[in-house]
1. Take ILE28 and decide whether it is surrounded by 14 or more Cβ atoms within 10 Å (Cβ to Cβ), modelled with pLDDT under 85 and not small (Gly, Ala, Ser).
2. Can you name the residue in the range 85-101 that is surrounded by fewer than 11 Cβ atoms within 10 Å (Cβ to Cβ) and under 18 Å from TRP69 (Cβ atoms) and is also modelled with the lowest pLDDT among such residues?
3. Starting from residues that are charged (D, E, K, R) and over 20 Å from GLU89 (Cβ atoms), keep the ones in the range 42-72 and report whichever is farthest from the chain's Cα centre (by Cα).
4. Quick check on my filter: what residues within the range 34-48 are farther than 23 Å from GLN72 by Cβ and in a loop (DSSP other than H, G, I, E, B)?
5. Could you grab me the full set of residues in the range 34-58 that are modelled with pLDDT of 85 or more, in contact with a strand residue (DSSP E or B) (Cβ under 7 Å, 6 or more places away or on another chain) and hydrophobic (A, V, I, L, M, F, W, C)?
6. Please work out which residue is modelled with the highest pLDDT, limiting yourself to the range 102-112 and to residues that are under 16 Å from the mean Cα position of the chain (by Cα) and of a type in the set (D, E, K, R).
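The values are calculated or read from the model by the stated rules, or taken from the named source; none is laboratory data. This structure is a prediction, so every number in the text was calculated from the model and none was measured. Every residue, glycine among them, receives a Cβ derived from its backbone with ideal geometry; neighbour counts consider all protein chains shown.
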Amino acid sequence: MHVHFGWVHEGWSCSCLLALGVEMSQEIKWPVKMGELHNHHFDSTMWNDFKFRDDDIIISTYAKAGTTWMQQIVAQLMFEGDPELAVAEMSPWVDLRIPPKEVKLPMIESKRIGDS
């Protein structure tokens with residue numbers, strides 16, 4: 001299951017859950033989406049049309065709490081410390097209003113590190 005802004009998406013693998021210390025016989029109470037976030041910068045409805053895959057990585061940090069730093073850490077782990085990575089391009093903020101949803105979602109279909 002992928003969790004973003006308190007909503008759930010099927011797709012966590014057993015190994016992910018075991019790595020988190022969750023026993024497979026244990027019932028998991030997943031959060032449920034309760035609303036949307038809209039302001040002049042963000043539109044959380046972008047996530048409603050995002051097609052999740054099992055190998056997606058979603059970075060979700062609180063505002064001003066190290067999102068760019070976390071993007072860099074994840075990208076460097078995935079690509080063995082490549083100093084030439086364009087992390088901002090490979091890990092876009094999905095819920096940022098620019099560009100519009102109709103343009104952004106097709107652009108990120110192959111980029112599977114997303115930010116919130």
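1. Details: surrounded by 14 or more Cβ atoms within 10 Å (Cβ to Cβ): no; modelled with pLDDT under 85: yes; not small (Gly, Ala, Ser): yes.
When the stated conditions are applied, ILE28 does not pass them.
2. So in the range 85-101, the residues surrounded by fewer than 11 Cβ atoms within 10 Å (Cβ to Cβ) come out as 86, 89, 98, 100.
Add one more test, that the residue is under 18 Å from TRP69 (Cβ atoms), and what stays is 86, 89.
Details: ALA86: 83, GLU89: 77.
Among those residues, the one meeting the criterion is GLU89.
3. Within the range 42-72, the subset charged (D, E, K, R) is 43, 49, 51, 53-56, 64.
Now restrict to residues that are over 20 Å from GLU89 (Cβ atoms): 43, 49, 54, 64.
Details: ASP43: 14, ASP49: 13, ASP54: 12, LYS64: 17 Å.
Per the stated criteria, the residue is LYS64.
4. Kept after step one, since they are farther than 23 Å from GLN72 by Cβ, are these residues of the range 34-48: 34-40, 43-45, 48.
Those that are farther than 23 Å from GLN72 by Cβ and in a loop (DSSP other than H, G, I, E, B): MET34, GLY35, GLU36, LEU37, ASN39, HIS40.
5. Correct list: PHE42, TRP47.
6. Step by step, filter the range 102-112, then rank; the result is LYS104.
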